[in-house]
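The values are calculated or read from the model by the stated rules, or taken from the named source; none is laboratory data. As the structure is a prediction and not an experimental result, all values here were calculated from the model. Cβ sites come from the backbone with ideal geometry, for glycine too, and all protein chains shown count toward neighbours. These accessible areas exclude ligands, DNA and RNA; they are computed on the full protein's heavy atoms, side chains included. Shrake-Rupley method; radii C 1.70, N 1.55, O 1.52, S 1.80 Å.
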Amino acid sequence: MLDKIESLYASFQNEITPLDKQADVLNLKASYIGKKGSLAEVLKGLKDATPEERKAIGPRSNEIKKNIEQAIVDKLKDLEVKEINEKLEKNKIDISLRDSLMENGLQAAGTHPVHQIQRKIEDIFLSMGFEVLDGPHVEDEFHNFEALNIPETHPARDMQDTFWFADKKHLLRTHTSTIQIRGMEERKPPFAFVGPGKVFRCERTDTTHEMVFHQLEGMMVGKGINTGHLIYFMKTLLKEIFKKDMEVRLRPGYFPFVEPGFELDIRWKKPDPKDESAKHSGWLELLPCGMVHPNVLRAGGVDPDEYTGFAFGLGLDRLVMVNYQIEDIRHLHRGDLRFNEQFSFF
Ligand code: PHE
């Protein structure tokens, strides 16, 4: 009987080695040490054994049973590790792919031009001591309208056709000016920050209008901040972007959250005066801006009797279009690699 048990153990060891499925391992376990397994079957003969034999068989069969249980546990663990490794291998990202694409003459598209310009402007402002802030795309009425001095009844709400959520309280932000409020709420003057990001308007698209586009908001608040500071920072920004001094002009512009409000235009020349396809020559409307309205400062927790500030909102898509002579804003969002490739950095 002891021989039978030993040979059973030996055949178990042979059978478990090649298994590679969890279910097969569990079946094997049942067939050897389950209630109706072969070990139990052999041990049925124990009742006919002599007391001597029993003494030997008892401990050995227990030992074998334990060994089998341990072997099963180990095997299941091995299979699990193997499975994880296989998954990792299968989902691995081949970081050499980009190089091999390039070697084969295929060009990988670079950073999107809107993001290139965004990063460039962020760097310009960071170097002047501004912070770069982020804000949510889904906003509430307060941050998008009310706090910006645009009450429910104000006609300016019509200026910005809005994607509202079903609760009629939340919306996709129509401008990055929301970041002015969020920025003020979290800091004490003096402070200065920019806030780039996507904005959303429910409008018909055409060559100059998109439902999703990008703005970069800017704000500086402190004691005695005035229009002179605003013009200085705007001129510095433009000089850094265009790599030369830009001629600018301020016209009055109306936005409920600034007083006075301006449209800042730049003098723009076609890169090639003979190129008739190239648009824009003369004054180009580029940068709405102004001194922050006292109501807006108050809504952001800043005392307007003590502090003043300026704010501006730069249209990033517009800037890219002007810079690269792109005639249709919709090219920017189509995701056509042939378009994006032209701006490849790498
Ligand atoms: N938020 C305004 C818009 O989207 C732009 C703006 C920003 C104007 C800051 C003035 C000051 O049209």
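So what is the relative contact order of the chain, in percent, for Cα pairs below 8 Å that sit 6 or more residues apart?
Normalised by residue count, the contact order of the chain is 16 percent.
Taking amide H positions as placed in the peptide plane 1.01 Å from N, state which residues far from VAL132 in sequence (5 or more) or on other chains have amide H under 5 Å from it.
VAL194
Quick one: accessible area per residue over segment 2-90, 1.4 Å probe, rounded to a whole number of Å²?
I get 72 Å² per residue for this part.
Can you list the chymotrypsin sites (Phe, Trp or Tyr not before Pro) in segment 156-203 that are in a DSSP coil and have 13 or fewer other beta carbons within 10 angstrom?
PHE165
Too long at a 27 Å Cα-Cα cut-off: which of LYS90/LYS198; LYS21/LYS65; LYS36/LYS75?
Listed pairs above 27 Å: LYS90/LYS198.
Where the accessible area of the chain is counted over protein heavy atoms with a 1.4 Å probe, how much of it, in %, is carbon and sulfur?
53
So what is the accessible area of segment 103-244 per residue, in Å², with the probe set to 1.4 Å?
Ligands and nucleic acids excluded, the result is 49 Å² per residue.
For segment 15-82, which trypsin sites (Lys or Arg not before Pro) are in a loop by DSSP, counting at most 11 other Cβ atoms within 10 Å?
LYS21, LYS35, LYS36
Run the dipole for the chain about the Cα centre, Lys and Arg Cβ at +1, Asp and Glu Cβ at -1, nothing else charged, and hand back the magnitude in debye, nearest 20.
About 580 debye.
Quick one: Karplus J couplings for segment 22-35, per residue in order, coefficients 6.51, -1.76, 1.60, θ = phi - 60°, nearest Hz, x for Gly and Pro?
Listing the rounded values in order: 4, 4, 5, 5, 5, 5, 4, 4, 4, 6, 9, 10, x, 3 Hz.
What range in the chain is the longest one free of GluC sites (Glu not before Pro) that are in a loop by DSSP and have at most 10 other Cβ atoms within 10 angstrom?
1-151
If you average over every viewing direction, what projected area does the convex hull of the Cα atoms of segment 113-340 give, in nm²?
13.0
Only bridges whose two residues both fall in the chain count here: according to DSSP, what percent of them are antiparallel, nearest 5?
If I count the DSSP bridges inside the chain, around 95 percent turn out antiparallel.
When the convex hull of the Cα atoms of segment 40-139 is projected onto a plane and the area is averaged over all directions, what value comes out in nm²?
17.9
What net charge is computed for the residues neighbouring VAL302, neighbours being all others with C-beta under 12 Å from the C-beta of VAL302, Lys and Arg scored +1, Asp and Glu -1?
-1
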